[in-house]
Structure formats: structure tokens, C-alpha cells
Amino acid sequence: HYGDPGVYGGPVITNAIDRIAREGMRFTSYYANAPVCSPTRAALLTGRYPQEFGFVDSVGYASYRGIPAQVPTLADLFADEGYATAQIGKWHLGYRKPEFLAINRGFEVSVRRKRDAHEPYTRFDLLVNEEPAWHPKGAFLTDVLVDQAIKFIKQHRGQPFFLSLWLHAAHYPVQIPEDYDNSETGYDLDTPTGRFAALLTHTDRQVRRISLELDALGLDNTLFIVTSDNGGARRNHNIKGQTLRGFKHDLYEGGIRVPLVVRWPGRVAAGSVSDRAVIGHDFFPTFVDLLDKSGFDLPGESFLAPLLGDLAPKSKRPLFWEVSPRNPDAPWGNDYAVRRGRWK
């Protein structure tokens, strides 16, 4: 949720995320493309509104929906420029057809759990490039995925790489490692809110592992981005002083406005803050701009210039959202939203 991390004034201890914000830029008006996971992820990867592919809710494991094979992804964009590419973690963008899988969408390395179902973090089957892979029995999923991310970074430290690390945490089920150290955090682990905070802090500690690895390898020219795909779930966000109305599944601000912090030493000014309205599908044109590419007809806008400190007038383009429940008995219904300028 937007109001969770410490750097956003939240109650959760997120030292690693806070550090990235201190050393880079924090966005205060960044939006996910949907208040649920799959449409947002589709937008991030393709630079397009997810409704173009019929993504108006999460894509279940049994669904035959996916991103069409002819639509290029960020992995294709970077691979064409000689970058090594990896997708590690949650996918949730189609499984039933081979062309929907990450390994066939421009990623040369794919690491995921066999099912994206809401199963315990200590019970999963790991697939590397769609083949079963060993992991320690009872290991915590977040830790294993970060191990794989660090392995990829070490293997490709001598060339440019694009790493898409989509951790399942802090998604339901709100389960924390048995060895979680609560001595410095003091959360009430008997409450959903306290357990969620601990899970998010543990995730932040894993982000710190990656940050420290980049430091140790001298990869200080790495563009490091941390964000979320939707707002926090109502069940574990009974937090005093909640800053935004709404939760996951809502098109109120609390469902779609999420944290975004970006660090790029020497390029992005340390401690900078942007209130420019940015949405998930803006990442693709931003990277197109960064790589000095052309030939893409995309609905988004590059935010490379403001990221690098250009204080040009803010865009007045409208932003759109649509969400529809996959389950007709869901407590939420078809919702739509538009933002233009300061009006929503």
C-alpha cells in the first residue's frame, strides 16, 4: 500500500526501500494500471493498456488468456540491444499456452514457482526455464527467488542486464519465516496487520541483499526500481492514519496509487521527489527513450526527462482504468476511473 513504507510516512520498517529513495527519486503520483496483479504486469511489460488484451482482472492458472505473441515485451526491447534478460518470481500472465510463458517472451532466464496459487511460502516447486529445479526443503520462497536473482547478477556482471524480479511477498498468505527477527521491529505478530508488516520488512531485507550485492560487485551504474502492482489488501491494512482511501480491488487511490522509488547513481538526483502522474505502461516508452530506439506506437509517455531532473510542465494527458471481477459473486463490480491533471 502507498502508506506502508517508512519513506512514504508509513509504519512499516523498510530500510532498503528508504535507502533507494534517499539515493534516488521518490514518486508521489505513480499508478498501477489496475488494482490487481495481472493487468498491471501486462502493462509494465508491453507499454500498453492491459484491456487491449482483455486483462481486466487477474489471470488464473487455468486461464487460456495471455499476452499475444506478436506484442513485444520489455525483454524483447532489451535483448535486441544485447542485454541479458531474466524474469524471476511471480508471472501470472498466462500458462496454458507455451507462447504465454516468460521464457518465450524475450527472457533467456525464467525462474518461477510451478503454481502462482496462494500457497504457503515454504511449500512450492521451483521451475528454472520450465524445468524442475532443486531448492532446500522448507526454504522461504522470497529468499530462494532473491538467491536466484543474485546468481543471475553475478553471472552477468560483465555485460548489461535486465532483471525483472517480481516477488510474491507481501501477497496473501501472510506468512513470515520461522526465524524472522522481530527484536528490532516489535510488530504484534498475533494480528494480520502485524504479520503483514513483518512480511514486508522481511521482503525489504531481501531487497537489501540485492542492493549490497550490487555494491560489492561495483555495479553502481545500475538503474534500480522498486514498485508494487496494486494497493494493499483490506484484510491486513487496518492501519491508523491510512493516507489514501481504498484497497486492493478498488479504483480509489488506495487501490492503484502505489510506491515507486528509483535509484540511478550519477543520473538521478539523490533525495529528489516527483509528483508527476506516471502510470505502469509509461515504463516501456521510458526505456525506449533511454535506449534511443524508435518505431513504437505506444499510449504511454516517457518520464526519462523528469527522472533526470527536467522540470518541464507536467503532462495533461488522461489516464484510464477499468477493472472487472473474474468471479461474478465478488463483492466488487465493474469499475472505471479517469484522471486528467489534478482531477480524477
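PRE reach from R267 (point 7 Å along Cα→Cβ): which of the stretch 84-127 fall under 19 Å by backbone N? It comes to 84-86, nothing else.
Think of the chain as a dipole: +1 on every Lys or Arg Cβ, -1 on every Asp or Glu Cβ, centred on the Cα centre; then among A79, V268, L298, L298 lies furthest on the positive end. So which residue, out of P259, P50, P11, gets the largest mean-square fluctuation from a GNM of the chain using Cα contacts under 10 Å as springs? Fluctuation is largest for P11. For S183 and V338, what is the calculated FRET efficiency with R₀ set at 56 Å and r taken between the beta-carbons, to the nearest 0.05? Rounded to the nearest 0.05, the efficiency is 0.75. Look at the dipole of the chain built from charges on Cβ: of G24, P160, P39, the Cα furthest out on the positive end belongs to P39.
Taking the convex hull of the alpha carbon positions in the stretch 36-193 and averaging its projected area over all directions gives 10.7 nm².
Please identify the trypsin sites (Lys or Arg not before Pro) of the stretch 83-148 that satisfy two criteria: DSSP loop assignment and at most 16 other Cβ atoms within 10 Å. Which are they?
Details: sites: K90, R96, R105, R112, R113, K114, R115, R123, K137; in loops: K90, R96, R105, K114, R115, R123, K137.
Within the stretch 83-148, the qualifying trypsin sites (Lys or Arg not before Pro) (loop, at most 16 other Cβ atoms within 10 Å) are R96, K114, R115, R123, K137.
Summarising the amide proton neighbourhood of G246: residues at separation of 5 or more, or on other chains, whose placed amide H is nearer than 5 Å comprise G254.
Over all distinct Cα pairs, what is the inverse of the mean 1/r for the stretch 95-151, reported as the Kirkwood hydrodynamic radius in Å? Write down the numbers at each step before the final one.
Working: mean 1/r = 0.0831 Å⁻¹.
Across the stretch 95-151, the inverse of the average 1/r is 12.0 Å.
As a calculated quantity, the FRET efficiency between A69 and E119 at R0 = 35 Å, using C-beta atoms, amounts to about 0.75.
Assuming a ≥ b ≥ c are the square roots of the Cα gyration tensor eigenvalues, decide whether the stretch 69-108 counts as rounded (a/c under 1.5), prolate (otherwise, with a/b larger than b/c) or oblate.
Working: a/c = 2.47, a/b = 1.51, b/c = 1.63.
In terms of gyration-tensor shape, oblate.
Near the amide H of S110, within less than 5 Å, lie the amide hydrogens of Q87, N129, all on another chain or at least 5 residues away, with H placed in the peptide plane. So which chymotrypsin sites (Phe, Trp or Tyr not before Pro) in the stretch 99-177 end up in coil per DSSP with only 15 or fewer other C-beta atoms within 10 Å? Loop-located and lightly packed - W134.
Residue pairs exceeding 19 angstrom between C-alpha atoms, taken from K97/K293; K314/K344; K114/K154: K97/K293; K114/K154.
Taking the square roots of 5 times each eigenvalue of the Cα gyration tensor of the stretch 231-293, largest first, gives ellipsoid semi-axes of 29, 16, 9 Å.
Taking GluC sites (Glu not before Pro) as candidate sites, keep only those in a DSSP loop with at most 11 other Cβ atoms within 10 Å, then name the longest stretch of the chain containing none of them. Don't skip to the answer; put the middle values down first.
Details: sites that count: E178, E184.
The longest uninterrupted stretch comes out as 1-177.
Of Y172, Y180, Y252, the residue with the greatest mean-square motion in the GNM of the chain, using alpha carbon springs below 10 Å, is Y180. Computed 3J(HN,Hα) for the stretch 246-253, one whole-Hz value per residue from the Karplus formula 6.51 cos²θ - 1.76 cosθ + 1.60 where θ = phi - 60°, is x, 9, 3, 6, 9, 9, 5, 4, glycine and proline marked x. I'd like the distance between the alpha-carbon centres of the stretch 168-229 and the stretch 42-70, rounded to an integer number of Å. That distance is 28 Å.
Under unit Cβ charges (Lys, Arg +1; Asp, Glu -1), what dipole magnitude, rounded to 20 debye, does the stretch 19-155 have relative to its Cα centre?
Numbers: 18 positive and 15 negative charges, 84 e Å.
Dipole of the stretch 19-155, to the nearest 20 debye: 400 debye.
Between the residues T122, G89, P132, the greatest Cα displacement towards the positive end of the dipole of the stretch 77-153, with unit charges on the Cβ of Lys, Arg, Asp and Glu, is found for T122.
Considering only protein heavy atoms and a probe of 1.4 Å, how much of the accessible area of the chain is carbon and sulfur, as a whole percent?
Working: 7630 of 15670 Å².
Of all accessible area on the chain, carbon and sulfur atoms account for 49 percent.
Counting only residues at least eight positions apart within a chain, or on another chain, the aspartates and glutamates with an alpha carbon under 18 Å from that of K316 are D275, D282, E301.
How would the stretch 181-240 be classified by its alpha-carbon gyration tensor: rounded, prolate or oblate, with rounded meaning a/c under 1.5 and the a/b versus b/c comparison settling the rest? Show your work: numbers first, answer last.
On the way: a/c = 4.55, a/b = 1.82, b/c = 2.50.
Cα axes put the stretch 181-240 in the oblate bin.
Please say if the stretch 164-272 is rounded, prolate or oblate, where rounded means a/c under 1.5 for a ≥ b ≥ c the square roots of the C-alpha gyration tensor eigenvalues, and otherwise the choice is prolate for a/b larger than b/c and oblate otherwise?
oblate
Here is the P(r) of the chain: all C-alpha pair distances, binned every 10 Å from 0, give 5, 25, 38, 26, 5, 0 in whole percents. Which one, D80, D143, D190, has the greatest fluctuation when you compute a Gaussian network model over the chain with C-alpha springs under 10 angstrom? Maximum among the listed residues: D190. In percent, rounded to a whole number, the relative contact order of the chain is 26, using alpha-carbon pairs under 8 Å and six or more apart. Summarising the amide proton neighbourhood of A139: residues at separation of 5 or more, or on other chains, whose placed amide H is nearer than 5 Å comprise an empty set.
On a per residue basis, the chain carries 46 Å² of accessible surface, using protein heavy atoms and a 1.4 Å probe. Dipole check for the chain: with +1 at the C-beta of Lys and Arg, -1 at the C-beta of Asp and Glu, and the Cα centre as origin, the magnitude is about 620 Debye.
Report the convex hull volume per residue for the stretch 1-87, counting only C-alpha atoms, in Å³. Please report the intermediate quantities before stating the final value.
Numbers: hull volume 13.0 nm³, N = 87.
Once divided by residue count, the hull of the stretch 1-87 is 150 Å³.
Each Lys and Arg contributes +1 and each Asp and Glu -1, all at the Cβ; summed about the Cα centre of the stretch 118-230, the dipole is approximately 280 debye.
The values are calculated or read from the model by the stated rules, or taken from the named source; none is laboratory data. Not measured: the values here are computed from a predicted model. Using ideal geometry, Cβ is built from the backbone for each residue, glycine included, and neighbour counts are taken over all protein chains shown. Only protein heavy atoms, including side chains, enter the accessible area calculation; ligands, DNA and RNA are left aside. Shrake-Rupley method; radii C 1.70, N 1.55, O 1.52, S 1.80 Å.
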